[in-house]
Amino acid sequence: MDFETFLIQLLNGVQYGLLLFLVASGLTLVFGIMGVINIAHGSFYMIGAYLAWSLTESFGNLWAAIAVGVMLSVLLGMVLEWLLIKKLYARDHLYQVLLTYGLILVFEEMRSVIWGDDVHGVDVPRILGASIPLTETLSYPVVRLWISAVCLVLAVAMYVLIRRTRIGMMIRAGASNREMVQSLGINIQLVYRIVFALGIALAAFAGMISAPVSSVFPGMGNQVLIICFVVVVIGGIGSVKGAMVAAILIGLVDTFGKVLHVEIAGVKLLPELAGMTVYLLMAAVLVWRPEGIFGKRL
């Protein structure tokens, strides 16, 4: 593999990892802070992608579609928390899994009714349509660099929100001792509603910005959900920093696993077995640290 090809794959791996982080950070926030296992999280990624496609068709502008889509996602998250999720805080995790699995079925059926079952594509905005030449024959699309940059900006914004703001202090306090926070007069129900809406908006936004570089198709949320749970497990439940490190590791391992050629004793390991590399990484991390890289020791 020459240097230019290596660089392209490295950038692809980082971009994929940062996109995974954006989705998984919402999952780890909801799980780690609210204690809710939301297996419907991938459905919001799918909804975001379909909103980007349908709103772009309506407005003729991806930027307007993303702005409106984010607002709709936040509203959806708040309504769902108010109607359903708030009833699960004191319930066993089994109830959370059953309810959120039901949401997957509901969202898939609604997607079929509203948008149909066809595969769609979103045009790359003209400003992002250029490519950066690396050699005479190889170039790298600007839109992928833009996705990476947006994910990094949101990662920094999340860190500032959680660690440097008053609402972040309330979120961290609510995760540690909900009853004590309530006794201090803080509306923990409102804090949880904000956290859930933020998690939903992050997943939907990830679907929106990824739509121009990937297809919009039925069931796309189920694929990203599994890998996001792997990110949460590797990084440590409730750790946004862990989600970032784990997502980058998974992005690089998955990307290079599909392009490297490794053969041992006549048996081709890569790329034939590339689908296993992420789960082998998870197994290795769990053997080393069962609570995840940045998870709290029990």
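Determine whether GLY257 is touching a strand residue (DSSP E or B) at 6+ places or on another chain (Cβ under 6 Å) and on the phi < 0 side of the Ramachandran plot.
Considered against the rule, which asks whether it is touching a strand residue (DSSP E or B) at 6+ places or on another chain (Cβ under 6 Å) and on the phi < 0 side of the Ramachandran plot, GLY257 comes out as yes.
Quick check, is GLY69 assigned to a helix (DSSP H, G or I), touching a His at 6+ places or on another chain (Cβ under 8 Å), in contact (Cβ under 8 Å) with a residue 60 or more places away in the chain and surrounded by 24 or more Cβ atoms within 10 Å (Cβ to Cβ)?
no
When VAL287 is evaluated against the numbered criteria (1) part of a loop (DSSP other than H, G, I, E, B); (2) hydrophobic (A, V, I, L, M, F, W, C); (3) surrounded by fewer than 17 Cβ atoms within 10 Å (Cβ to Cβ), which criterion, by number, is the only one it fails?
(1)
Across segment 168-180, which residue is surrounded by the most Cβ atoms within 10 Å (Cβ to Cβ) among those that are within 18 Å of PHE31 (Cα to Cα) and among the aliphatic types (A, V, I, L, M)?
Ranking the qualifying residues of segment 168-180, first place goes to ILE171.
Listed residues GLY199, GLY185; which is closer than 20 Å to LYS86 by Cα, surrounded by fewer than 17 Cβ atoms within 10 Å (Cβ to Cβ) and either of a type in the set (Gly, Ala, Ser) or touching a strand residue (DSSP E or B) at 6+ places or on another chain (Cβ under 6 Å) (or both)?
It is GLY185.
Of the residues LEU298, LEU269, LEU260, which single one is among the aliphatic types (A, V, I, L, M), within 29 Å of MET1 (Cα to Cα), surrounded by fewer than 16 Cβ atoms within 10 Å (Cβ to Cβ) and at pLDDT below 90?
LEU260
Tell me, yes or no, whether segment 78-87 has at least one residue that is surrounded by 13 or more Cβ atoms within 10 Å (Cβ to Cβ), farther than 23 Å from ILE194 by Cβ, at pLDDT below 95 and under 20 Å from the mean Cα position of the chain (by Cα).
No, because not a single residue in segment 78-87 is surrounded by 13 or more Cβ atoms within 10 Å (Cβ to Cβ), farther than 23 Å from ILE194 by Cβ, at pLDDT below 95 and under 20 Å from the mean Cα position of the chain (by Cα).
Buried (at least 16 other Cβ atoms within 10 Å of the Cβ), farther than 16 Å from GLY199 by Cβ and among the charged types (D, E, K, R), is that true of ARG91?
no
Got a number for residues in segment 1-44 being part of a helix (DSSP H, G or I) and farther than 25 Å from VAL259 by Cβ?
Qualifying residue count for the region: 14.
For segment 16-59, which residues satisfy the criterion of being surrounded by fewer than 24 Cβ atoms within 10 Å (Cβ to Cβ) and touching a Cys at 6+ places or on another chain (Cβ under 6 Å)?
Scanning segment 16-59 gives a single hit, LEU18.
Only one of these is in a helix (DSSP H, G or I), without any contact (Cβ under 8 Å) to a residue 12 or more places away in the chain, over 26 Å from LYS241 (Cα atoms) and not aliphatic (A, V, I, L, M): TYR101, TYR95. Name it.
TYR95
Exactly one condition in (1) out of contact with any Asp or Glu (no Cβ under 8 Å at 6 or more places or on another chain); (2) part of a helix (DSSP H, G or I) is false for GLY238; which is it?
Condition not satisfied by GLY238: (2).
Kindly establish whether ILE293 is free of Cβ contacts under 8 Å to residues at least 24 places away in the same chain and either under 24 Å from GLY199 (Cβ atoms) or surrounded by fewer than 19 Cβ atoms within 10 Å (Cβ to Cβ) (or both).
The answer is no for ILE293.
Among the residues of segment 237-248, is any among the charged types (D, E, K, R), touching a Pro at 6+ places or on another chain (Cβ under 6 Å) and surrounded by 14 or more Cβ atoms within 10 Å (Cβ to Cβ)?
no
The values are calculated or read from the model by the stated rules, or taken from the named source; none is laboratory data. These figures come from a predicted structure and were not determined experimentally. Because the Cβ atoms are built from the backbone with ideal geometry, glycine has one as well, and the counts that use them run over all protein chains shown.
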